[in-house]
Amino acid sequence: ANIDFRNFWLRSIGNFTVCDRPERTPDHESWSGSLYWDEGDHVVRLADHWTGQFGVGPIKECKWYLLDSERTLPNVDVVARCNYEDLLMIKKKTMKKRKKWKKRKK
């Protein structure tokens with residue numbers, strides 16, 4: 001499946017690099033206040049939380065790492081980008097539930 005702006009936030013993993021903030025209105029704002037821009041072949045994200053930094057775990061069901069981590073401080077917004085082709089989908093863990101079969105009484 002191709003990854004693009006419509007689905008990149010569904011269990012993806014990727015490395016983001018610091019970039020300039022686009023000079024237009026964001027295409028999406030998350031409940032946490034992160035801003036997102038669709039730039040055709042890549043996504044730009046403005047956020048103060050990145051996977052693996054300052055105790056932050058996965059973001060929703062995603063793992064988005066900031067490669068230029070020395071440039072971040074706690075609670076400071078960073079603008080970074082990742083090419084859609086560099087994002088990988090994380091396979092959803094599925095647990096097989098064993099059905100318990102009850103013997104029917106005749």
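Listed values, structure above:
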item: Shape of the stretch 10-52, Cα gyration tensor, a/c cut at 1.5; result: rounded
item: For a label point 7 Å along the Cα-to-beta-carbon line of D68, residues of the stretch 1-18 with backbone N under 18 Å; result: 14-18
item: Difference of contour (0.36 nm per residue) and Cα-Cα distance, K91 to R6; result: 28.9 nm
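No value in this document is a laboratory result; all are computed from the given coordinates. Worth saying up front: this structure is predicted, and the values here are computed from it rather than measured. Quick reminder, even Gly has a Cβ in these numbers, built from the backbone with ideal geometry, and neighbours come from all protein chains shown.
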